[in-house]
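Below you'll find the structure, written out as structure tokens, and then a few comments.
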Amino acid sequence: MDAENYVKKVLEDVKKRNPGEAEFHNAVDEVLHSLIPVLEKRPELIKASILERIVEPERMVYFRIPWMDDAGKIHVNRGYRIQFNGALGPYKGGIRFHPTVNNSIIKFLGFEQLFKNALTGLPMGGGKGGCDFDPKGKSDAEIMRFCQSFMAELYKYLGPDVDVPAGDIGVGAREVGYMYGMYRKIVTASSQGVLTGKPLAFGGSLGRTQATGYGLLYFTNEMLKDKGTTFEGKIVSVSGSGNVAIYAIEKAQQFGAKVVTCSDSGGYVYDEEGIDLAVVKQLKITEARRIKDYLQYRPNAKYVEGSMKVWEVKCDVALPCATQNELDLASAEILIQNGVKFVAEGANMPTTLDAIAAFQKAGVYFGPAKAANAGGVSCSGLEMTQNAMRLSWTAEEVDEKLQVIMKNIFAAAKSTAKEIGDNDNLLAGANIAGFLKVADAMVKQGVI
Ligand code: NDP
Ligand code: 2IT
């Protein structure tokens, strides 16, 4: 069978075997289509049924998480962990707490993670987890009890050499700390390397909090350099106001850009003079408030209801840092009309497939998530190394390593794009470079 028909057939099977899982279908579609040129050159991979094997997770569990709120009422949530592919090392990937979490979301995130982790060059397989729990409005005690109940089941599947979760939407150092506490109590061992993104006091790495946002900017900076320009004076539009968005804004400002937007699920703020990051940090990190309250501190800024409207703002560089499918075709068309030159994904799969196609057609330089946002998991990999060596690197040492990793990822995506004769197609470049690492490892490990 030729490569194109092979890809078509596997994709059809994925849709049949995973009905109703639109996010997973899209993630597989995006990767598989870009693999056609490499499968044409490497027919032995088709013979090895590599795609049928790579789209099937090694295993996935889901489980009940009962917990009691402060008023004594009992709630039940559903938790998930997917161990997508362990060919390159222990399963690695974050945990998401958000009411939208379901099979499809976990599978798409796990699938993306597998190629992202391969691109980092660190020995990590792909995994992901989460729960349909909504942390908004919960007390600290409720969060703690929830994390404890979550880990009371999840611990069975983890270990520093087995599966190593971290944070994602709704999960930061506080939640990882509570989960680690429960894990340590159950296994009666101080296996710090079982989770990353921990608080610094017990094995956390300096720089992990900032790593995804900073890494995104290191990657995007390479894209700008490739086109002979810099961030100095550029207008940047960021969506989201969580962990990734905040440190993306911070590094963009350090690079001399003017960031004019940020958002949450309610809407976006536009600050013509540049976002005041101290206000965003106070609202979002310290006080857990809504982004519209930004106007109380910066009355000249504007607030617009509707999170997806953020893309109506004119900018040179757009950095979606909130969630999946937050930048659709209509938004892409507005950005293109307004002269956007660079789009790089801080979130996982924020840009819909038709929006990506529109950017590529219009000559907008596009940085795909699995390359551009790999800074977080890279730093997690560095945290695992520090835990294994029982030492801590300085913030400067970690940042230096992060910069090297992000530059290497850009170089790998770019040179692979050139090899297939599609110079600026970093999406295909990243997909192929990540895929080949995993595929070669799988072939060498035999049919298992
Ligand atoms: P946070 O929980 O810190 O922040 C999430 C942000 O996205 C908030 O501003 C939130 O707004 C917004 N958001 C979430 N869901 C929606 C939605 N359905 N519609 C609109 N806005 C939404 O998460 P992170 O910053 O950690 O994660 C953001 C993205 O980056 C995710 O796609 C995640 O998978 C990805 N990522 C994260 C990494 C990490 O290390 N943390 C690493 C690599 C990628 P609100 O508060 O209103 O919900
Ligand atoms: O999507 C991601 O890469 C993350 N949420 C970070 C995963 C990790 O293990 O640090």
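The values are calculated or read from the model by the stated rules, or taken from the named source; none is laboratory data. None of the values given here were measured: they were computed from a predicted structure. Neighbour counts are summed over all protein chains in view; Cβ atoms, including those assigned to glycine, are modelled from backbone coordinates with ideal geometry.
Condition (residue is touching a strand residue (DSSP E or B) at 6+ places or on another chain (Cβ under 9 Å) and either without any contact (Cβ under 8 Å) to a residue 24 or more places away in the chain or part of a loop (DSSP other than H, G, I, E, B) (or both)) applied to segment 103-120: is it met by at least one residue? Before you say what the answer is, go through the steps one by one.
First pass over segment 103-120, keeping only residues touching a strand residue (DSSP E or B) at 6+ places or on another chain (Cβ under 9 Å): 103, 105-118.
Retained after the next criterion (residues that are either without any contact (Cβ under 8 Å) to a residue 24 or more places away in the chain or part of a loop (DSSP other than H, G, I, E, B) (or both)): none.
Checked against the condition, which is being touching a strand residue (DSSP E or B) at 6+ places or on another chain (Cβ under 9 Å) and either without any contact (Cβ under 8 Å) to a residue 24 or more places away in the chain or part of a loop (DSSP other than H, G, I, E, B) (or both), segment 103-120 yields no hits at all.
Among the residues of segment 184-208, which ones are at pLDDT 95 or above, surrounded by fewer than 22 Cβ atoms within 10 Å (Cβ to Cβ) and over 13 Å from Q386 (Cβ atoms)?
R184, K185, I186, V187, P199, A201
What helices (runs of 4 or more DSSP H), lying completely within segment 18-68, carry at least 2 residues that are within 23 Å of G86 (Cα to Cα) and touching a residue at least 40 places away in the same chain (Cβ under 8 Å)?
Qualifying helices (runs of 4 or more DSSP H): 22-34, 43-47, 50-54.
Among the residues of segment 377-395, what is the count of those that are more than 9 Å from ligand 2 (Cβ to nearest atom) and β-branched (V, I, T)?
Result for segment 377-395: 2.
Kindly provide the set of residues from segment 63-80 that are basic (K, R) and over 16 Å from I105 (Cα atoms), ordered by number.
So in segment 63-80, the residues basic (K, R) come out as 64, 73, 78.
Correct list: R64, K73.
Which of the residues belonging to segment 187-228 are among the β-branched types (V, I, T) and touching a residue at least 24 places away in the same chain (Cβ under 8 Å)?
Selection gives V187, V194, T196, T209, T212, T220.
Looking only at residues that are crowded, with 24+ Cβ neighbours inside 10 Å and away from ligand 2 (no atom under 12 Å from the Cβ) in segment 107-139, which one is farthest from the chain's Cα centre (by Cα)?
Among those residues, the one meeting the criterion is F133.
Report the residue count in segment 354-381 for those that are free of Cβ contacts under 8 Å to residues at least 40 places away in the same chain and assigned to a helix (DSSP H, G or I).
Summing the residues that are free of Cβ contacts under 8 Å to residues at least 40 places away in the same chain and assigned to a helix (DSSP H, G or I) in segment 354-381 gives 6.
Output the number of residues of segment 382-398 satisfying the condition of being out of contact with any strand residue (DSSP E or B) (no Cβ under 8 Å at 6 or more places or on another chain) and either in a helix (DSSP H, G or I) or under 20 Å from G127 (Cβ atoms) (or both).
11
Among the residues of segment 412-428, write down those that are without any contact (Cβ under 8 Å) to a residue 24 or more places away in the chain and either assigned to a helix (DSSP H, G or I) or under 20 Å from Y218 (Cβ atoms) (or both).
S415, T416, A417, K418, E419
Within segment 208-228, does at least one residue satisfy the condition of being part of a loop (DSSP other than H, G, I, E, B) and within 14 Å of ligand 2 (Cβ to nearest atom)? Break it down stepwise before answering.
At the first step, the residues of segment 208-228 found to be part of a loop (DSSP other than H, G, I, E, B) are 227-228.
Keeping just the survivors that are within 14 Å of ligand 2 (Cβ to nearest atom) gives none.
So far as segment 208-228 goes, no, none of its residues is part of a loop (DSSP other than H, G, I, E, B) and within 14 Å of ligand 2 (Cβ to nearest atom).
Applying the selection to segment 308-334, what residues are within 16 Å of ligand 2 (Cβ to nearest atom) and either without any contact (Cβ under 8 Å) to a residue 40 or more places away in the chain or surrounded by fewer than 22 Cβ atoms within 10 Å (Cβ to Cβ) (or both)?
Taking segment 308-334 as the starting set, the residues that turn out to be within 16 Å of ligand 2 (Cβ to nearest atom) are 319-326.
Answer for segment 308-334, where residues must be within 16 Å of ligand 2 (Cβ to nearest atom) and either without any contact (Cβ under 8 Å) to a residue 40 or more places away in the chain or surrounded by fewer than 22 Cβ atoms within 10 Å (Cβ to Cβ) (or both): T323, N325.
With the requirement that a residue be outside any helix (DSSP H, G or I) and either within 16 Å of ligand 2 (Cβ to nearest atom) or more than 19 Å from R96 (Cα to Cα) (or both), what does segment 241-262 give you?
G242, F255, G256, A257, K258, V259, V260, T261, C262
Report yes if A322 is of a type in the set (A, V, I, L, M, F, W, C), away from ligand 1 (no atom under 12 Å from the Cβ) and either in a helix (DSSP H, G or I) or within 24 Å of K284 (Cβ to Cβ) (or both), otherwise no.
For A322, the condition - of a type in the set (A, V, I, L, M, F, W, C), away from ligand 1 (no atom under 12 Å from the Cβ) and either in a helix (DSSP H, G or I) or within 24 Å of K284 (Cβ to Cβ) (or both) - is not met.
So which of K234, K225 ends up being touching a strand residue (DSSP E or B) at 6+ places or on another chain (Cβ under 6 Å) and surrounded by fewer than 22 Cβ atoms within 10 Å (Cβ to Cβ)?
Answer to the check: K234.
Of everything in segment 265-291, what is more than 20 Å from P135 (Cβ to Cβ), within 12 Å of ligand 1 (Cβ to nearest atom) and of a type in the set (A, V, I, L, M)? Give them in sequence order.
Scanning segment 265-291 gives a single hit, V269.
So that you can scan it fast, the table gives a plain yes or no per residue for (1) within 10 Å of ligand 1 (Cβ to nearest atom); (2) touching a strand residue (DSSP E or B) at 6+ places or on another chain (Cβ under 8 Å); (3) farther than 23 Å from N425 by Cα:
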residue: K302; (1), (2), (3): no, yes, yes
residue: N338; (1), (2), (3): no, no, no
residue: A355; (1), (2), (3): no, yes, no
residue: G363; (1), (2), (3): no, no, no
residue: A374; (1), (2), (3): yes, no, no
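Out of everything in segment 68-85 that is crowded, with 21+ Cβ neighbours inside 10 Å and over 16 Å from Y155 (Cβ atoms), what residue ends up being farthest from ligand 1 (Cβ to nearest atom)?
Of all residues in segment 68-85, those crowded, with 21+ Cβ neighbours inside 10 Å come to 79-85.
If we keep only those that are over 16 Å from Y155 (Cβ atoms) as well, we get 82, 84-85.
Working: I82: 14, F84: 15, N85: 18 Å.
By that ranking, first place goes to N85.
Could you say which residue among A357, A369, A374 is at negative phi and more than 16 Å from ligand 2 (Cβ to nearest atom)?
A357
Against the conditions (1) assigned to a loop (DSSP other than H, G, I, E, B); (2) within 16 Å of ligand 2 (Cβ to nearest atom), where does E232 fall short? Just the number, please.
Only one criterion in (1) assigned to a loop (DSSP other than H, G, I, E, B); (2) within 16 Å of ligand 2 (Cβ to nearest atom) is unmet by E232, namely (2).
With (1) surrounded by 15 or more Cβ atoms within 10 Å (Cβ to Cβ); (2) of a type in the set (A, V, I, L, M, F, W, C); (3) not in a loop (DSSP other than H, G, I, E, B) as the list, and A278 as the residue in question, which single condition is left unmet?
(1)
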